[in-house]
Every structure is written in C-alpha cells, then in structure tokens.
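The values are calculated or read from the model by the stated rules, or taken from the named source; none is laboratory data. If you're wondering where the values come from, they're calculated on a predicted model, not measured in any experiment. Positions of Cβ are backbone-derived with ideal geometry, glycine not excepted, and every protein chain shown enters the neighbour counts. We work out accessible area using only protein heavy atoms, side chains counted, and drop any ligands, DNA or RNA first. Shrake-Rupley method; radii C 1.70, N 1.55, O 1.52, S 1.80 Å.
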Amino acid sequence: MKAAFVKSPFKFEIREVDLPPLKPNDVLLKIKASGICGTDLHTARTEAKDWHTFGHEIVGIVEEIGSCVENVKVGQSVLVESGSFCGTCEDCRNGRVDLCHDRAPNVFIRAEKENLTMGFAEKVIIDKQNAVPFEGVPYEQASLVEPMGVALDLTYTVDPKLNDDVLIVGLGPIGLMVVQIVKAMGARRIFVANHSRSKIRIDVAKSFGVEDVILVDKTPISSYKFPKGGVDRALVTAPPYVIPEVLDVMNFGGVVGFIGIDYGEGRFIKFDANKFHFNKLQLRASHAVPALYFPRCVDMIKSGAVNVKPLITDTFKLEDIGEMMVKAENERDKVIKAVMLD
C-alpha cells in the first residue's frame, strides 16, 4: 500500500509500505478522506527532522478488526479521534475525560513508536478507542469533524453567554467554525479579526453573518470602536502575540480563550497584570487532546448549525499531497481547507 512521508522543509515522498498484523484492539481502515491541518504545514516547514508519515483528520471504512473489537464492524464508516481517553485513570473515573493524558490511545504517538502510517496513506491502523462510527455525512465534510472538535472545545472553554458580544481572532477553518458555533449559542454581535490578504476567508465569514470584520493590517484591534466599548468573550485562533491586544478590548469580567501556539520567543507574552486583575478578566487555554465531541459535531453538520461546505476549497489525491501542501502554505488567500479524497 502507498503512504506519504514528509521531511522539512517541504520534502515529500510516496512510498510502498507494509502494515503489521492487527493486535486484538486494532482497527484497519481504508482511508476515504483526510484533511490538511495547520499542524501538518508546521511539520513540513520545520519539525520533520527525518522522514515520517503525517495527517490526522481522518475518515475511513473499516476493512478488518482485531479479536477484541466490538464497537465497530467491517464496512462501517468511522471518524478517527487523533487522541482519545483511556477510561480507567483517576481523571476519567472522576468524569474528566478531557484531562486524560499519557495513557490514552493517540494516533501521533503510536505511529511514531510503531512505525505506522497516518492520514495521508491508503490505509491506517488505529486503536478501537479512536474509532467513532458515523453516517449521513459525506466523507469530505466528515474530515472536518476533527478540527470542529477543536473549535467546539475552544467555545466550551470560553463559554459565551446569550447576548454576549464576541470577538474571534483568526479565520482559519477553526475560526470560521467558531463563528457559526457561537452564533448558534446565542451571541448578539460577532466580530472577527483577520489580515486583509485572506479575502476568501473574510468573504466566508461575512456569509455567516458576522457583525463586522476588523482588518488587522489596517485597523489594530485595540483601536476598533466596539458598540459596548469592548467585547464580553474573545476566542483567539492566532499566535499568542495577539493576546495582550485582545485583553485590552475586553469588557469588565470578560473571558479570553486561545488555541494559537508559537515557538521560540513567540511563546512569550506580556500584559498589565493589574489591569487584568481589577477588570476581573480571565485567560483560558484550550487544548483539544483528547479529541472529543465527535458525535455532536456530526449532528451539527447534519442539522446545518455548522456549514462546512464553504470551507473545503480544494480536494486532491494521495499522489498530489506534495503539490497541495505547497499550495496550502503559499496560497492562503485561496485555500481554506484542502481534503484528500480516495
């Protein structure tokens, strides 16, 4: 079978590989769709010091199951939780599966330890815990459930209330899904902030009914005139350096959530702790590992609460992964989400 390998900077190979026999808890999937994530681009850019497989927004059909697998059947369509929860640790047994770590089945960790394929391949082996059955959603749309789980985790972390004014920074696929989720949760006004070069993303955000778009290269967030003086909730899907500016536009008691990361000196931010304290602000980190909420995300697609169709700008075949990765990196004014289809 064929699988794609990546090495920095932006080197790609399609190789013939063999998969090992299934373990008792294993599920073999024929991959039907797999999306390119910002993590994949970062891996290709700098982090792949040696050749390895990649891709984690995976949808497939069960081809074979291990002797102890009971939650999915051969022929069934499944989503892949990139990282799941174990169900047996103290956090899981205390009802906090979201805090489970280290012991849980993880597609990234297992692929590295056992030299397995990931999402950009013809087939993949996963633990049964990572397999979530679904139906009624096209494969290319289902591939957005994994990043939608990230968007939903960020939204739950911030917990917007009915009639809140909300700011969303960054209009990647996650930010564009957050727009729709907070609207469904009853936000009054939704403002988005993004660079003007990403016209396609701005146009999609407008089609979702946002109040206004702040073009950060022309109008700093801190100088924008919000109707209430500021916003009640902010969701940041951009690098950490924007957080101090966002804190400056929060209303009294406001909450800021973020998922954006950076490396080197970009990891560090500085803000006025006294102002933060006296304005009773909160800064909350969202890290969607384990990857949760997949059934709810499928339901949101089915109900129309979240429309993922406008986000899928490109589809491609496995053999074209290198060309598509370069396009996703260099043409962000044209590409929102690219999905590999079988």
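Okay, here's what the table says:
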| quantity | calculated |
| --- | --- |
| Residue count, segment 100-154 (criterion: assigned to a loop (DSSP other than H, G, I, E, B) and either at positive phi or touching a residue at least 24 places away in the same chain (Cβ under 8 Å) (or both)) | 18 |
| Test set (1) closer than 22 Å to Val298 by Cβ; (2) within 15 Å of the chain's Cα centre (by Cα) - Lys183 fails condition number | (2) |
| Options Asn94, Asn71; residue that is farther than 27 Å from Glu323 by Cα, in contact (Cβ under 8 Å) with a residue 60 or more places away in the chain and open to solvent by 50 Å² or more (accessible area, probe 1.4 Å) | Asn71 |
| Pick from segment 190-205, criterion among the charged types (D, E, K, R) and surrounded by fewer than 24 Cβ atoms within 10 Å (Cβ to Cβ), ranking: farthest from Ala151 (Cα to Cα) | Arg197 |
| Among residues of segment 67-95, those that are under 15 Å from Leu29 (Cβ atoms) and hydrophobic (A, V, I, L, M, F, W, C), counted | 6 |
| Residue within segment 172-180 that is surrounded by fewer than 16 Cβ atoms within 10 Å (Cβ to Cβ) and either in a loop (DSSP other than H, G, I, E, B) or among the hydrophobic types (A, V, I, L, M, F, W, C) (or both) present | no |
| Segment 1-56: number of residues that are charged (D, E, K, R), open to solvent by 40 Å² or more (accessible area, probe 1.4 Å) and assigned to a helix (DSSP H, G or I) | 2 |
| Count - residues of segment 146-171 that are farther than 23 Å from Val59 by Cα and open to solvent by less than 40 Å² (accessible area, probe 1.4 Å) | 12 |
| Per-region count, segment 234-249, residues small (Gly, Ala, Ser) and in contact with a Leu (Cβ under 6 Å, 6 or more places away or on another chain) | 1 |
| Which numbered condition Phe108 fails, given (1) touching a Gly at 6+ places or on another chain (Cβ under 9 Å); (2) modelled with pLDDT under 95; (3) within 29 Å of Ile336 (Cα to Cα); (4) open to solvent by less than 10 Å² (accessible area, probe 1.4 Å) | (4) |
| So Arg267, is it out of contact with any Cys (no Cβ under 6 Å at 6 or more places or on another chain), touching a residue at least 40 places away in the same chain (Cβ under 8 Å) and open to solvent by 60 Å² or more (accessible area, probe 1.4 Å) | no |
| Among (1) open to solvent by less than 50 Å² (accessible area, probe 1.4 Å); (2) within 28 Å of Asp40 (Cα to Cα), the one test that Ala187 misses | (2) |
| The listed residue being within 23 Å of Phe208 (Cα to Cα), open to solvent by 60 Å² or more (accessible area, probe 1.4 Å) and in contact (Cβ under 8 Å) with a residue 40 or more places away in the chain, out of Asp333, Asp342, Asp299 | Asp333 |
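Here is a yes/no grid of residues against (1) among the acidic types (Asp, Glu); (2) within 17 Å of Ala142 (Cβ to Cβ); (3) in a loop (DSSP other than H, G, I, E, B):
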position	(1), (2), (3)
Val246	no, no, no
Gly260	no, no, yes
Lys280	no, no, yes
Ala291	no, yes, yes
Asp320	yes, no, no
Met324	no, no, no
